[in-house]
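Every read-out reported here was derived from the displayed coordinates using simple, explicitly stated rules and does not represent laboratory data. Since the model is a prediction, treat every value here as computed from it, not as a measurement.
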Amino acid sequence: GAVVSQHPSRVICKSGTSVKIECRSLDFQATTMFWYRQFPKKSLMLMATSNEGSKATYEQGVEKDKFLINHASLTLSTLTVTSAHPEDSSFYICSANSGSSWEQYFGPGTRLTVT
Amino acid sequence: AQSVSQHNHHVILSEAASLELGCNYSYGGTVNLFWYVQYPGQHLQLLLKYFSGDPLVKGIKGFEAEFIKSKFSFNLRKPSVQWSDTAEYFCAVRRLTGGGNKLTFGTGTQLKVEL
């Protein structure tokens, strides 16, 4: 089956620093990748959709200058949280799908803690 | 705005009890419906999906869900739960008109099955 990995699984950073999270499709080419944020006791909220080789499409209310998304290859997308603050602490999940397939395959998530 | 509601946030059952988790959505157009499961420490996995046809769909691990269009509902059921079903369950909706391949998730239901 299709496998999506995320790295790191957990990261702690200091307020004001930037942190990069990687999302990789291991056994398929991901034409589209999605980035979600999950708050405790809350739903997964879609942050942005990225298509390989083009700019990401951000959901309303998501600051594109704060959450930089790059999808430079068919197997890798990165989310960089710039100038992180404690309120950015959350669980970030990526998913990927291929071509015209409807199915999204989810990564295991990255727990970000900003101190 | 489209929303997905899961009314049960926490459910505790004994093994062999029957399970029904509610899911309602607010969008009036054509939708695809999904249930995902997230076992402790693991990534989201697809349990089952409804696209069209028979409104009663069967998924993995003995789960099934029924789409009732008039009630905008897609409730998840299992006749007899097992301890290994302890997990968080998410209902999700994909809008077919203007929604791209984006999923809107419910807030999730934490199921705990006791021995």
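How fast does chain A diffuse by Stokes-Einstein, in µm²/s, taking the Kirkwood radius from C-alpha pairs at 25 °C and 0.890 mPa s? If you can, show how the numbers build up before the last one.
On the way: Rh = 14.0 Å.
D = 176 µm²/s.
Set the bar at 31 Å for Cα to Cα. Now go through A:Lys20/B:Lys71; B:Lys71/B:Lys102; A:Lys20/B:Lys69; B:Lys69/B:Lys102; A:Lys42/A:Lys64 and name every pair that lies beyond it. It would help to have the intermediate numbers written out before the result.
Numbers: A:Lys20/B:Lys71 43 Å; B:Lys71/B:Lys102 22 Å; A:Lys20/B:Lys69 42 Å; B:Lys69/B:Lys102 21 Å; A:Lys42/A:Lys64 22 Å.
Too far apart for the 31 Å limit: A:Lys20/B:Lys71; A:Lys20/B:Lys69.
For segment A:33-101, what's the relative contact order in percent, using C-alpha pairs closer than 8 Å and at least 6 residues apart?
Details: 106 pairs, mean separation 24.1, N = 69.
Worked out over segment A:33-101, it gives 35 percent.
What translational diffusion coefficient, in µm²/s and rounded to a whole number, does the Stokes-Einstein relation yield for the protein assembly as shown at 4 °C and a viscosity of 1.567 mPa s, taking the hydrodynamic radius as the Kirkwood radius over Cα pairs? Walk me through the numbers before you get to the answer.
Numbers: Rh = 18.3 Å.
Result for D is 71 µm²/s.
Any idea what the relative contact order of chain A is, in percent, if you count C-alpha pairs under 8 Å spaced at least 6 apart? All intermediate terms of the calculation are to be shown ahead of the outcome.
Values: 295 pairs, mean separation 42.5, N = 115.
37 percent.
Would you list the P(r) distribution for chain B, with all Cα-Cα distances sorted into 10 Å bins from 0 and each bin expressed as a whole %?
It works out to 15, 49, 29, 7, 0, in whole percents.
Can you work out the Karplus-derived ³J(HN,Hα) for every residue in segment A:52-64? Use 6.51 cos²θ - 1.76 cosθ + 1.60 with θ = phi - 60°, whole Hz, and x for glycine or proline.
3, x, 10, 5, 6, 9, 9, 6, 4, x, 9, 7, 6
What is the distance in Å between the Cα centroid of segment A:74-115 and that of segment A:1-37?
5
Just need the relative contact order of segment B:1-112 here, percent rounded to a whole number, with Cα pairs under 8 Å and 6+ apart.
Values: 268 pairs, mean separation 41.1, N = 112.
That works out to 37 percent.
List, in order, the whole-Hz ³J(HN,Hα) value for each residue of segment A:99-115 obtained from phi through the Karplus relation with A = 6.51, B = -1.76, C = 1.60 and θ = phi - 60°; use x for Gly and Pro.
Here the 3J(HN,Hα) series is x, 8, 5, 7, 6, 9, 9, 9, x, x, x, 10, 8, 9, 10, 10, 9 Hz.
Please work out the Cα center distance from segment A:42-61 to segment B:26-63, rounded to the nearest Å.
22
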